[in-house]
1. Given the structure, is SER41 in contact (Cβ under 8 Å) with a residue 12 or more places away in the chain and either among the polar types (S, T, N, Q) or at positive phi (or both)?
2. Of all the residues that make up segment 11-29, how many are in a helix (DSSP H, G or I) and touching a helix residue (DSSP H, G or I) at 6+ places or on another chain (Cβ under 6 Å)?
3. Of LEU159, LEU137, which residue is assigned to a helix (DSSP H, G or I) and closer than 19 Å to SER31 by Cβ?
4. Being touching a residue at least 24 places away in the same chain (Cβ under 8 Å) and exposed (fewer than 10 other Cβ atoms within 10 Å of the Cβ): is that true of PRO62 here?
5. Any residue that is under 18 Å from the mean Cα position of the chain (by Cα) and either at negative phi or not hydrophobic (A, V, I, L, M, F, W, C) (or both) - is there at least one of those in segment 68-82?
6. Restricting attention to segment 83-94, which residues are under 18 Å from the mean Cα position of the chain (by Cα) and without any contact (Cβ under 8 Å) to a residue 60 or more places away in the chain?
7. Name the residue, out of SER97, SER52, that is over 18 Å from the mean Cα position of the chain (by Cα) and of a type in the set (Ser, Thr, Tyr).
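Quick note: the coordinates plus some simple rules give every number you see, no bench work behind them. Since we're looking at a predicted model, the values are computed, not measured. All Cβ positions, glycine included, derive from the backbone under ideal geometry; neighbour counts span all protein chains shown.
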Amino acid sequence: MKKLLLGAIIGGLILFVWQTLSNTALNLHGSALQYTAKQDSILDYLSTQLPSGRYILPTVAPGATMDDMAKLEEKAMDKPWAIISLQNAYHPDMVMSMVRTLLVDVMVVGMLCWVLLQIPNRNKTNIFIITISTGLLVFLNGLYTQYIWYQEPGINGHLIDALASWGLCGFWLSSWLSKS
C-alpha cells in the first residue's frame, strides 16, 4: 500500500507541476488561447444571443435530414467556421481548480500504479514504457481525436505535455515501483 500511495502522490505532483509549467512559464498552449482586441464587443454580442454552451458554426438544426447536411457542407466549403464555447458568467476559482486538478492527477497515477503493481516481473524498462504509453493513450484518444475533427490549435503543446509529463512520471515510477 505504501508503494501505491507514495507512487500516486509523487507521480500526481509530477503531472501537476508539469501542467503548471506548460501553461505558465513554458506557454506551450499560447496558440490555443489567442487574444483579440475585439473581445469586449464579441462577448457583449454573444452574451445577448446565446445561452452558455458550446456551438459549432455552421451546423444544421436538430432533426435535419442527410440532404440538409449535404447542402450545408456544400455551402460551407472553403468558408470560415467556428467553435464557440460561451459561459455567460465569469467565476474564476483558481484555488479549487488547482486542488481538483491535483486530486485528479494523483488519482490517475494511483490507478496506473495499481495496474503496474499487478505485474509480477515488473522492471524499470516495462514500467517506463507502460507509463509513457498511458500518456500517449490519453493524448491520442482524447486530444488528438478531437484535433482530427476540429483542427483546434495547440496540438503540439499537448503532445509535448503527454511525452514530458508522463515521461517524468515514468522515470519516477520506474525507480519507485520496480522489483529490480
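1. no
2. Just the residues of segment 11-29 that are in a helix (DSSP H, G or I), to begin with: 11-23.
If we keep only those that are touching a helix residue (DSSP H, G or I) at 6+ places or on another chain (Cβ under 6 Å) as well, we get 11-12, 14-16, 18, 22.
Residues meeting the conditions: 7.
3. LEU159
4. Details: touching a residue at least 24 places away in the same chain (Cβ under 8 Å): no; exposed (fewer than 10 other Cβ atoms within 10 Å of the Cβ): yes.
In short, no.
5. Residues of segment 68-82 under 18 Å from the mean Cα position of the chain (by Cα): none.
So far as segment 68-82 goes, no, none of its residues is under 18 Å from the mean Cα position of the chain (by Cα) and either at negative phi or not hydrophobic (A, V, I, L, M, F, W, C) (or both).
6. The answer is ILE84, SER85, MET94.
7. Working: SER97 fails: over 18 Å from the mean Cα position of the chain (by Cα).
Step by step, each of SER97, SER52 is checked, and only SER52 is over 18 Å from the mean Cα position of the chain (by Cα) and of a type in the set (Ser, Thr, Tyr).
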